[in-house]
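Let me begin by presenting the structure, written as structure tokens, before commenting on it.
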There are 4 protein chains.
Amino acid sequence: MKTCIIGASGYSGRELVCLLLDHPYATLERVTSRSLEGKKVEDCIPKLRGKDCALCFTNPRIEELCKDENVELFFLALPHGTAAEFAIPLLEAGKKVIDLSADFRLNSPERYEEFYGQTHPAPEWLEKASYGLPELHELSWEISPLIASPGCYPTSILVPLAILLQEKIVKKEGIVANSMSGISGAGRNATEKLLYCERNESAGPYGLPKHRHLSEIEEQLSLLQDGSSEDVVISFHPHLAPMSRGICTTISVPAQGDLDRTKVIDCWGKTFGKRPFVNLLPEGEFPDVAHVVGTNRIDLSVQADQRTGRYVLCSAEDNLIKGAGGQAIQSMNVCQGYEESAGLL
Amino acid sequence: MKTCIIGASGYSGRELVCLLLDHPYATLERVTSRSLEGKKVEDCIPKLRGKDCALCFTNPRIEELCKDENVELFFLALPHGTAAEFAIPLLEAGKKVIDLSADFRLNSPERYEEFYGQTHPAPEWLEKASYGLPELHELSWEISPLIASPGCYPTSILVPLAILLQEKIVKKEGIVANSMSGISGAGRNATEKLLYCERNESAGPYGLPKHRHLSEIEEQLSLLQDGSSEDVVISFHPHLAPMSRGICTTISVPAQGDLDRTKVIDCWGKTFGKRPFVNLLPEGEFPDVAHVVGTNRIDLSVQADQRTGRYVLCSAEDNLIKGAGGQAIQSMNVCQGYEESAGLL
Amino acid sequence: MKTCIIGASGYSGRELVCLLLDHPYATLERVTSRSLEGKKVEDCIPKLRGKDCALCFTNPRIEELCKDENVELFFLALPHGTAAEFAIPLLEAGKKVIDLSADFRLNSPERYEEFYGQTHPAPEWLEKASYGLPELHELSWEISPLIASPGCYPTSILVPLAILLQEKIVKKEGIVANSMSGISGAGRNATEKLLYCERNESAGPYGLPKHRHLSEIEEQLSLLQDGSSEDVVISFHPHLAPMSRGICTTISVPAQGDLDRTKVIDCWGKTFGKRPFVNLLPEGEFPDVAHVVGTNRIDLSVQADQRTGRYVLCSAEDNLIKGAGGQAIQSMNVCQGYEESAGLL
Amino acid sequence: MKTCIIGASGYSGRELVCLLLDHPYATLERVTSRSLEGKKVEDCIPKLRGKDCALCFTNPRIEELCKDENVELFFLALPHGTAAEFAIPLLEAGKKVIDLSADFRLNSPERYEEFYGQTHPAPEWLEKASYGLPELHELSWEISPLIASPGCYPTSILVPLAILLQEKIVKKEGIVANSMSGISGAGRNATEKLLYCERNESAGPYGLPKHRHLSEIEEQLSLLQDGSSEDVVISFHPHLAPMSRGICTTISVPAQGDLDRTKVIDCWGKTFGKRPFVNLLPEGEFPDVAHVVGTNRIDLSVQADQRTGRYVLCSAEDNLIKGAGGQAIQSMNVCQGYEESAGLL
């Protein structure tokens, strides 16, 4: 599989470059970045120094990319809005696209406009795109040549929660999800609030009460529950914690029927038992981002709280791998028929 | 006011030493620590080096302390269980006691036994002790010579939440509180899980679903609501984040009646408007532990989430000051009739 | 003493605001910042929230400042180059100035041009200014109304080293000084290299081999040694370490005559014994920035290395206090005849 | 190659487990740890969770290990002193040994006794062992079946410095090396000084002036210079910095003959040009531990300081990989005739 990454200067893009360069079946033919044009990849991504990687960043000219015979699959690691500008012509030119932005994650153009403040440029593609969470959705190039790779927060919430809603093990009312994210989740932007001295020894919420990722979380929960796309509404509270990478999420959700930890364990076991990247922790252990950083794994735990009649679901993942570049590669692996974990830890 | 700190080798005890040495009206006459006996205080607390503080740690012999004419008020910075062993004879000897442990925070001996796994050694003092949260309770030496200083998590939850329950602005069902604590909250214990390399770049929940602090949180919420001590039950999810100090808490709570941010603001304004250490943030700003570390302040914010019918209450405090030593001094200030903020930032 | 801070938006400026607001004898009458004009000080410096500080940032108009009858002393917390533009008219208007920039730290205009790449705008003031290291230089408003407050690295090197050179206890050849600085030393600039994710878990040298601070380090060492300003040349290696504040410095210097630790201890004791902010550590202990952060103290240690015939001098300080704002206040205290430690920890 | 790791509970041991499990040509047949006996490897090393690794820790019984037909090569990740107790019988039983401790790094039993405070248990093996720095020494099982893998600090100093001494490009007098190490360098010991809250926001020197690693640094420099083992004496100043992993070292060394940066560059190029793990940085860039963490690479830079007549050599490495487990595997690769970088990033 010959691939290209468009927009590889941010944290997700860089991670994707490293992962693709080590992939056993895919090759990275081209890497673009406006700001790094002309520079050698190994000079800009220090982890790669001395690897004798001949690649240089090129300027992403859409027409040229569309005609590039040498690339079959494009990964878009671009800001929201910009991604669609590339995705649409590439798809029209017959290319495959895995988009790491939010541009094609939603089904509903109205919801897109509500959360992103602009009309969607290609609403017909919203429905056609696959939501690239391989543990929850069947993926193949036949189903769609456009895969919208999920956000980091949505992954940490949907993996533990969606199947429990679908199986009516939990109620859809009164769900409260809290997440702590490492600072790389905010991107590689030179702004004051992301300076070391501002974020070190700092912790707190942001973007309350309506973070953009709520749109895809709720749409996915609704769709998976009963095919509607409108009716699950949850509370979601993102926080920044002083660490580079990782997300941990704790979800409080009322039980439907009996409150019984084994119901959750069984349901997760049935759904994820053969998946390489979902790991159920033994009772009494809790997810910790330190345990998953550098891997494509998501660790899960569940407690039944008899006092409140609620389950406490916890998850941890690396926001730049399972929450971004690693998951995109996992989707590629599935669509290509490679083993799901090829090139991933 | 002549004071003594018993058990000053931990993080809270050390903070208390520094605060009392700089207090304008209180003097620190004596400091005890079994492990540091005989050492100069300024050699053990590096912040104090070069201050020419003549104090040395002594071994805490209870009989001797009870007879010490030179001390009127004892601060206990001891582990749970040990604190009661000191408090009871000191009180019987006519001394005043501010206890930073959990030994006298609850009213109900049954609840104590449920959460702490042992019979309470002096149940008669459980009812007599004042719960030392000056923003919520009237405190005076006449009311009680024993003040149980609240835990760090309970402070961060009770300050924003209790008054709203009392005023029926929020419902008591379905409350979910999530907290992130700095590592000093786990104490100064040489255990593997508290090593730098274990906690750095690490974040996750612990102690789910029934952390010990739940006992005092729920008892206080119940008592403040209607005088009963049994009926408010909440979900509480503590997490560790990789920072030395601070707690931030985010509480999701259903509105009672109209969901209206100004109702909360007004209620908080009326209750805390004249209190020096509760700070309401302007709309659109959120608490951050970096902003309160080193102070006795608790910062609060509130959002009304129309989508869920819930309020999102957020708070941040320094766990070792407002969540421990600072609050103990604040209680002393109030009982002594000093200005509430004497010796505190 | 009525004071004003010009340029209070950076890390040093903010620290200075907090220190002056708590000073027992000085008042802060005015605070300027172009970027924060019109904003309340307590809204911009979160540590001050809720303090009811009425001050707002104003735009620094030089003419207006020169005529301000209400201010006697101006602290300049401005970038190099800009500081001189303010200092000169203020001095001409009869004001006192303590400048935290590098603009008046050197005697020699040639050296200024060599290290700062521009002609000095007021060379006549270079000689007139006092170098504001109170442990090494006599300071008074009569000697000079302009005090150039030293850099953070120079303070950490000059305090331990200068007197040993002057007393011929060490040789001037072959001196190697290595420093590790917290990130705040690089200022509050929104650049990529200062982002949390770039500096976290990162450590390394920068600015080798000729950091700008070498100019004042070598000039001071030369002047203190024998009154010349040219002849001591040292190796200086600054590094960034992943922490917010603090500098620790380790200096390797060949002994002159016998290598004998007590010679150093005695010399330091004689020089610094009565100074409140220089603290000699007991044998076997080493300076640590964690022990001095938040104070105006500098901790020192010395080892005699018989194998190499060299002394190893170590120091630690808070770069924003003893290395910046705290030292500026210490100089003010000395010039005003206040106790040297007034308003400082 | 069938391997076993003895003592795999520490940070280096765990790293080695992960590296060997992914090695293309070696298999990990056995892992021992007294403290973790009976536990599954993937339950104790969270990075491995979900990998379906069947290995369990066993108790290291020397006799049993010596007879284990299934293992050809033993890696010892044991404390100094204990390693020799295992190495000697294993070697006598015909096994190959790569020892990560200091037990066989020196040639001279006197020097061992001077620095480690005890008589060496097998001085005949001191001379027979190879010092496992593949960039400086030829390694093969024929030369020795016992490889003493170098310490983390020595690696960071010897790689840049030794060849320059050997080629007479630098003088052997007046060398000063300063290092900053991440906290994992101090091991996984539950002691107070390694707690998160003690090391976070902390930086300073330790172990001055005669750290144990000086013994092997100086012996290697001497041997490589002229075959003697006694005459190079340097100043070495180790520091701890608040990060989990990594070492950066800055060495000041007087030039022999002309001071000329290209002489160093050429010498390094000739020596390391074909080695996969030594990377010379372009002029103006400096090593940073963040750039090498997770790899087996060491990054180098050099500056010529005309003012002092000295070179400034800088290096950065991952202390647990190039400074420990990775280097041990690199040595195995070389001895086995695998490509040098097999199984290493």
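For segment A:86-163, the dipole from Cβ point charges (+1 on Lys and Arg, -1 on Asp and Glu) about the Cα centre works out to 180 debye, to the nearest 20. Across C:R49, C:R199, C:R245, mean-square fluctuation computed from a Gaussian network of chain C (C-alpha pairs under 10 Å connected) peaks at C:R49.
Using the Karplus relation 6.51 cos²θ - 1.76 cosθ + 1.60 with θ = phi - 60°, the per-residue 3J(HN,Hα) values for segment C:10-26 come to x, 5, 5, x, 5, 4, 5, 4, 4, 5, 6, 5, 9, 6, x, 10, 9 Hz, with x marking Gly and Pro. With label points defined 7 Å past Cα in the direction of Cβ, position D:E64 shows copy-to-copy spacings of 5.2, 6.4, 8.2 nm, given to one decimal and shortest first. Taking B:C152, B:C18, B:C44 as the candidate residues, the one with maximal mean-square fluctuation in a Gaussian network model of chain B, Cα springs under 10 Å, is B:C44.
How many nm is it between the label spots at D:K270 and C:E64, if each spot is 7 Å from the Cα in line with the beta carbon? With each label placed 7 Å out from Cα toward Cβ, I get 6.8 nm. Placing +1 on the Cβ of every Lys and Arg and -1 on the Cβ of every Asp and Glu, with nothing else charged, gives the protein assembly as shown a dipole about its Cα centre of roughly 0 debye.
The GNM of chain B, with springs linking C-alpha atoms under 10 angstrom apart, assigns the highest mean-square fluctuation among B:S252, B:S331, B:S228 to B:S228. Counting every C-alpha pair in segment B:153-319, the share spaced more than 21 angstrom apart comes to 47%. For segment D:153-318, the relative contact order works out to 30 percent when only alpha carbon pairs closer than 8 Å and six or more residues apart are counted.
When the P(r) is computed for segment D:1-134, the part past 25 Å accounts for 27% of the Cα-Cα pairs. For chain D, the longest principal axis of the alpha carbon atoms and the long axis of helix D:152-166 meet at an angle near 40°.
Sort B:T191, B:T271, B:T155 by Cβ crowding within 10 Å, fewest neighbours at the top.
Details: B:T191 11, B:T271 18, B:T155 27.
Ranking B:T191, B:T271, B:T155 by Cβ neighbours within 10 Å, fewest first, gives B:T191, B:T271, B:T155.
For the pair D:D22 and B:T119, what calculated FRET efficiency results from E = 1/(1 + (r/R0)^6), where r is the Cβ-Cβ distance and R0 = 56 Å, to the nearest 0.05? About 0.55, to the nearest 0.05. Past 25 Å, Cα to Cα: identify those pairs from A:K47/D:K210; A:K2/A:K40; C:K210/D:K270; A:K2/A:K51, in the order given. Violating the 25 Å Cα-Cα cut-off are A:K47/D:K210; C:K210/D:K270. Subtracting the Cα-Cα distance of D:R307 and D:K210 from 0.36 nm times their residue separation leaves 32.0 nm of extension gain.
Between B:D260 and C:A93, the modelled label-to-label distance comes to 5.1 nm, taking each label 7 Å out from Cα in the direction of the beta carbon. Among beta bridges from DSSP that stay inside segment C:153-317, the antiparallel ones total about 75%. Restricting the GluC sites (Glu not before Pro) of segment D:209-313 to loop positions (DSSP other than H, G, I, E, B) with no more than 12 neighbouring Cβ atoms within 10 Å leaves D:E230, D:E283.
Computed over chain D, the P(r) curve from all C-alpha pair distances, binned at 20 Å from the origin, holds 31, 59, 9, 0 percent per bin. When the alpha carbon coordinates of the protein assembly as shown are projected onto the principal axes, the ranges are 83, 74, 68 Å, largest first. Sorting B:S108, D:S35, C:S156, C:S222 by the number of Cβ atoms found within 10 Å of their own Cβ, with the fewest placed first, yields D:S35, B:S108, C:S222, C:S156. Counting Cβ atoms of other protein chains within 10 Å of each Cβ in C:302-311 and taking the mean gives 4.
Cβ-to-Cβ counts within 10 Å put B:K40, A:K270 in ascending order as A:K270, B:K40, the fewest first. Each label point was placed 7 Å from the Cα along the Cα-to-Cβ direction; for A:S140 and C:K193 their separation is 5.3 nm.
Every read-out reported here was derived from the displayed coordinates using simple, explicitly stated rules and does not represent laboratory data. The model shown is predicted, which means the values in this text are computed figures rather than measured ones. Ideal geometry is used to build each Cβ from the backbone, glycine not excepted, and the neighbour counts take in all protein chains shown.
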